[in-house]
Amino acid sequence: MFSVVVIISGGGSNLRALLTAAASPLYPAKVVAVGSDKAASGLEHAEEFGVPTFVVEPSRFESREAWAEVLLSNIEFHKPDLVVLAGFMKVLPANIVNKLTPRMINLHPSLLPDFPGAHAVADALAAGASVTGATIHIVDEGVDTGRILTQASMAVTPGISEIDLHDQIKLMEREQLVQVVQDIATGVLLLAEKEQSA
Ligand code: GAR
């Protein structure tokens, strides 16, 4: 079975959507572990579904690279076919990205390349965007710069709050995530460039 490790930092609504989909015997992927950089509330979803968790906090390490090495060993222990960053709010250093790319994808709440970074929804509102959306992309060494796999867009309701807009975006993201993982697991969506041209 195609196996997925999900890494989170927050509430984990996208994680929960994937765990729920993967609970069906018809779904072609399984979440084998969930990791975080902190005691995130979303880890409770994993516990509810009987999926093992791990937490690797950056503050316990002398450098980002040392932290990333331990995060990588925790991920690799579960031998995943795919790593999903679902609301993971740290930028990963090159030593982990180079090991996992292109088999590591990230969810981002904007239509990249617009509004990369940690405040995408607020930045879209501040810029007066009338349309925004959600992107799933391969993680590379940049901040939200990797190859885009899928995007979904939506109109921004005038005067909407950041929280409400983000909630609307997350509704789209959950469907996107479940579909993208299914497509990667079944080979409909190819991650490596050489797979693409083969
Ligand atoms: C999602 O909207 C995801 O795109 C965003 O965090 C949210 C996590 O929601 N990620 C980023 O902003 C990464 N830069 P969730 O914890 O409810 O799944």
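The values are calculated or read from the model by the stated rules, or taken from the named source; none is laboratory data. The structure presented is a predicted model; accordingly, all values stated were derived computationally and were not measured. We place every Cβ from the backbone using ideal geometry, glycine too, and count neighbours over all the protein chains shown.
Inside region 50-66, can you point out the residues that are in contact (Cβ under 8 Å) with a residue 12 or more places away in the chain and more than 12 Å from V34 (Cα to Cα)? Outline the logic, then answer.
Taking region 50-66 first, the residues in contact (Cβ under 8 Å) with a residue 12 or more places away in the chain are 51-58, 64-65.
Within region 50-66, E57, P58, R64, E65 qualify.
Listed here are the residues, each with its yes/no results for (1) among the basic types (K, R); (2) over 13 Å from the mean Cα position of the chain (by Cα).
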{"residue": "I7", "(1), (2)": "no, no"}
{"residue": "N14", "(1), (2)": "no, no"}
{"residue": "A22", "(1), (2)": "no, yes"}
{"residue": "V34", "(1), (2)": "no, no"}
{"residue": "A40", "(1), (2)": "no, yes"}
{"residue": "L43", "(1), (2)": "no, yes"}
{"residue": "E48", "(1), (2)": "no, yes"}
{"residue": "R64", "(1), (2)": "yes, yes"}
{"residue": "N74", "(1), (2)": "no, yes"}
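Would you pick out the residues in region 5-25 that are of a type in the set (G, A, S), in a helix (DSSP H, G or I) and either modelled with pLDDT under 95 or within 7 Å of the ligand (Cβ to nearest atom) (or both)?
Of the residues in region 5-25, the ones of a type in the set (G, A, S) are 9-13, 17, 21-24.
Those left that are additionally in a helix (DSSP H, G or I): 13, 17, 21-22.
The answer is S13, and nothing else.
Tell me, which residue of region 96-120 that is buried (at least 20 other Cβ atoms within 10 Å of the Cβ) and within 8 Å of the ligand (Cβ to nearest atom) is farthest from R174 (Cα to Cα)? Ranking the qualifying residues of region 96-120, first place goes to A120. In the condition set (1) under 26 Å from P80 (Cβ atoms); (2) hydroxyl-bearing (S, T, Y); (3) touching a Leu at 6+ places or on another chain (Cβ under 9 Å), T132 is compliant with all but (1). Filtering region 148-198 to residues that are touching an Asp or Glu at 6+ places or on another chain (Cβ under 9 Å) and within 16 Å of the ligand (Cβ to nearest atom) leaves L149, T150, A152. Quick one: is D123 under 22 Å from L18 (Cα atoms) and free of Cβ contacts under 8 Å to residues at least 24 places away in the same chain? Criteria not met by D123. Checked against the criteria, S41 does not count as crowded, with 17+ Cβ neighbours inside 10 Å and within 16 Å of the ligand (Cβ to nearest atom).
Taking (1) of a type outside the set (D, E); (2) out of contact with any helix residue (DSSP H, G or I) (no Cβ under 7 Å at 6 or more places or on another chain); (3) farther than 15 Å from V178 by Cα; (4) surrounded by 14 or more Cβ atoms within 10 Å (Cβ to Cβ) in turn, A22 satisfies each apart from (3).
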